[in-house]
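One structure below.
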Amino acid sequence: MYESRKQPPIPRRAFFQRLAVHAVLAILLVIGSLGIGMVGYAVTEHLPWLDAFLNAAMLLGGMGPVDMPQTEAGKLFAGMYALYAGLIFLVAVALVFTPILHRLLHKLHWDQ
């Protein structure tokens with residue numbers, strides 16, 4: 001996917017295209033994760049879609065749920081989703097910064 005250390009860095013335009021692809025993948029990951037959270041809250045806590053969106057978005061954003069879960073299934077889901085949301089944040093950041101770090105290492109000739 002990336003050029004090897006023996007190849008020169010890709011042109012700036014191709015780099016920005018690569019960065020855009022990574023950013024779109026990160027956005028899709030977050031949107032998909034938001035959908036999982038909404039469905040989970042709607043099913044386990046019987047929340048309306050707007051409230052399910054709010055709770056899922058708050059957990060993905062690292063703020064915590066707005067409506068505390070009342071059912072055992074809801075508590076289990078909220079706990080698992082909170083752990084998942086923390087990982088998704090790290091993966092999304094890594095997706096966006098990987099091309100930048102790769103190019104930086106190429107420009108600095110890290111291997112030499």
Charged-residue dipole, Cβ positions (Lys, Arg, Asp, Glu), region 11-112 about Cα centre, Debye nearest 20: 760
Karplus-derived 3J(HN,Hα), 6.51/-1.76/1.60, for each residue of region 30-47, Hz, glycine and proline x: 5, 5, x, 5, 5, x, 4, x, 5, 5, x, 5, 5, 7, 7, 10, 6, 7
Farthest positive-ward along region 8-112 dipole, Cα basis, beta-carbon charges - from Gly64, Ala52, Ala85: Ala85
Distribution of pairwise C-alpha distances over region 21-107, 10 Å bins, in %: 18, 44, 22, 11, 5, 0
Förster radius 41 Å - calculated FRET efficiency between Ala82 and Ala14, Cβ distance, rounded to 0.05: 0.60
Loop-located chymotrypsin sites (Phe, Trp or Tyr not before Pro) in region 1-100 whose Cβ has at most 16 other Cβ within 10 Å (DSSP): Tyr2
Where labels lie 7 Å past Cα in the beta-carbon direction, separation of Val96 and His46 in nm: 3.9
Per-residue ³J(HN,Hα) for region 99-104, Karplus 6.51 cos²θ - 1.76 cosθ + 1.60, θ = phi - 60°, Hz, x for Gly and Pro: x, 5, 5, 4, 5, 4
Hz values of 3J(HN,Hα) by residue in region 66-74 - Karplus curve (6.51, -1.76, 1.60), Gly and Pro given as x: 7, 9, 5, x, 9, 9, 5, 4, x
Over the chain, relative contact order from alpha-carbon pairs under 8 Å, at least 6 apart, %: 33
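Readers should treat all values here as calculations from the given coordinates under stated rules, not as data from a laboratory. Since the model is a prediction, treat every value here as computed from it, not as a measurement. Neighbour counts run over all protein chains shown; Cβ positions are idealised from the backbone, glycine included.
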